[in-house]
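The values are calculated or read from the model by the stated rules, or taken from the named source; none is laboratory data. Since this is a predicted model, take the numbers as computed values, not measurements. Neighbour counts are summed over all protein chains in view; Cβ atoms, including those assigned to glycine, are modelled from backbone coordinates with ideal geometry.
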Amino acid sequence: MNQVLLDAQSVLRNRLFGKETKCRQDIEKFQQDLKDLITRSVEYGESNSLLVIGSKGSGKTTLLKTTVDLLQKKLSKTLIIVRLNGYMQTDDRIALAEITRQLHLENTLGDKVFGSFSETLQFLLEALRGGSSHSSQPILFILEEFDLFTQHKNQTLLYNLFDLAMAGLTPLVVVGLTCRLDVIELMEKRVKSRFSHRQLYICNQWTAENYLQAFSNMLLLDAGFCKTAKHKSFLERWNANVVELSNNASVQDILKRQFSISKEMPSLQCLLVQPICKLNVNHQFITAADIADSARNVFSDPKANILHGVSVLELCLIIAMNHLTNIYAGESFNFHMVYNEFLKFTQKKLHILQKHNKPVVLKAFEHLMELELIKPKESTLSLASKLLKEYQPTILLLEEQQLKEAVYRYPGCPTELQQWLESSTV
């Protein structure tokens, strides 16, 4: 049974981390456009360029990956794929080096290595132009975070790729993926003139029911898992557990809350990582409690978590800041105002705090600044640099609800602090 469980975990992990990605039904309709574009390049030697535009997590990468995987099995020629990412290839020199590496052109013409930008560019363009549209191997360039490539100096890489695609000297398809709706406006005029202006807009049209169904589909094992009788027996019990889990009211509430925050597949995958990784011989099936534990981690507020690690003194200062924010309708405050609020409280409830002198309280105030729970007011930054720290206008970066949740979960929080937070004035 141990091996059967490991096999099940392997299948589920491959789904979670994209090795067995399935295209969502709501974006399958866009596949045909991509198929036609890439097929024409491979079969007829056409060159082209396309932008796939959609919000983060809407399925752009999944759509392209599933389409290419499907085509690779049917195409008569091998399609060379070059993948670039705007976060990794931060300038044209790095991008060209990566293209050269992926095309296996690092060391050609003997032992010569192209070191400079101009040499690499010239060599790469000649290598791509070498051959005709019928004899050359088709190349697909995938540029993720396409908008970041428009920030490169002179947009040299984009210009040359689009120029090659427009010239049609070698079968070349350039597909850019971006979440920027204004990406065309980010291109220089000469780059824009060489772009085909083909754009594919992806939007997530999932409903809450689709999201619940995706949860089940992500966990259900199919018939291909059945290698032995033990596998078949486990599959039946596992799938029955998944159906029961999907119909559980608490799980559905969690999924609906997750859907209201983010409709995208990555958020659902993130929710399932912990339950799947926790499976073992003594815990072979996912329970509603596992989903609830994972949801608590996924939904946890980073700022609230930081508050659990501050001292009682620092927590007092934050509550004082919250009072000042409410009293002055969101206006800024300074250290002296906070210190005065703090003194009013300690004079009434001194027994719950040690007596702290002003320099110690100022140090605690500065520590909250370092934790980025408070910050100087932006409109007064130039003036604030000329002021002493105690007088710099400051704003609180916490919502009242965040603070309340953190205070009530704070280990050993004095009841007086909770009462102070609830009161409208000190």
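Please verify whether Glu236 is part of a helix (DSSP H, G or I), surrounded by 13 or more Cβ atoms within 10 Å (Cβ to Cβ) and acidic (Asp, Glu), treating the condition exactly as stated.
On the way: part of a helix (DSSP H, G or I): yes; surrounded by 13 or more Cβ atoms within 10 Å (Cβ to Cβ): no; acidic (Asp, Glu): yes.
Criteria not met by Glu236.
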Q: Please find, within segment 298-357, the residue that is farthest from the chain's Cα centre (by Cα) out of those that are under 30 Å from Phe259 (Cα atoms) and either among the hydrophobic types (A, V, I, L, M, F, W, C) or in a helix (DSSP H, G or I) (or both).
A: Leu307
**Q.** Condition broken by Leu34, with the remaining ones in (1) within 16 Å of Phe149 (Cβ to Cβ); (2) touching a residue at least 24 places away in the same chain (Cβ under 8 Å); (3) not β-branched (Val, Ile, Thr) satisfied
**A.** (1)
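Can you list the helices (runs of 4 or more DSSP H) lying wholly within segment 69-184 that have 1 or more residues being at pLDDT below 85, in the same structural domain as Leu51 (by TED's automatic domain parsing) and over 24 Å from Gly45 (Cβ atoms)? Before the answer, list the steps.
Numbers: elements: 92-102, 117-129, 146-149, 156-167.
Qualifying helices (runs of 4 or more DSSP H): 92-102, 117-129.
On the given criteria, is Lys363 surrounded by fewer than 15 Cβ atoms within 10 Å (Cβ to Cβ) and either part of a helix (DSSP H, G or I) or modelled with pLDDT of 90 or more (or both)? Lay out the reasoning, then the answer.
On the way: surrounded by fewer than 15 Cβ atoms within 10 Å (Cβ to Cβ): yes; either part of a helix (DSSP H, G or I) or modelled with pLDDT of 90 or more (or both): yes.
Considered against the rule, which asks whether it is surrounded by fewer than 15 Cβ atoms within 10 Å (Cβ to Cβ) and either part of a helix (DSSP H, G or I) or modelled with pLDDT of 90 or more (or both), Lys363 comes out as yes.
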Q | Number of the exception - Met218 against (1) touching a Lys or Arg at 6+ places or on another chain (Cβ under 7 Å); (2) farther than 25 Å from Gln269 by Cβ | A | (2)
Q: Among residues belonging to segment 232-289 that are under 20 Å from the mean Cα position of the chain (by Cα) and of a type in the set (Gly, Ala, Ser), point out the one that is nearest to Leu16 (Cα to Cα).
A: Ser267
(Q) So in segment 54-68, with the set limited to residues that are more than 13 Å from Leu34 (Cα to Cα) and touching a helix residue (DSSP H, G or I) at 6+ places or on another chain (Cβ under 7 Å), which one is modelled with the highest pLDDT? (A) Gly54
**Q.** Residues located in segment 29-77, provided they are basic (Lys, Arg), touching a strand residue (DSSP E or B) at 6+ places or on another chain (Cβ under 8 Å) and either surrounded by fewer than 15 Cβ atoms within 10 Å (Cβ to Cβ) or farther than 24 Å from Pro266 by Cα (or both)
**A.** Arg40
Q: Scan Leu221, Leu255, Leu245 and give me the residue that is of a type outside the set (Asp, Glu), outside any helix (DSSP H, G or I) and crowded, with 18+ Cβ neighbours inside 10 Å.
A: Leu221
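If the requirement is being of a type outside the set (Lys, Arg) and assigned by TED's automatic domain parsing to the domain that holds Gly412, which of these qualifies: Ile286, Ile319? Quick ask: steps written out before the conclusion?
Values: Ile286 fails: assigned by TED's automatic domain parsing to the domain that holds Gly412.
The unique qualifying residue is Ile319.
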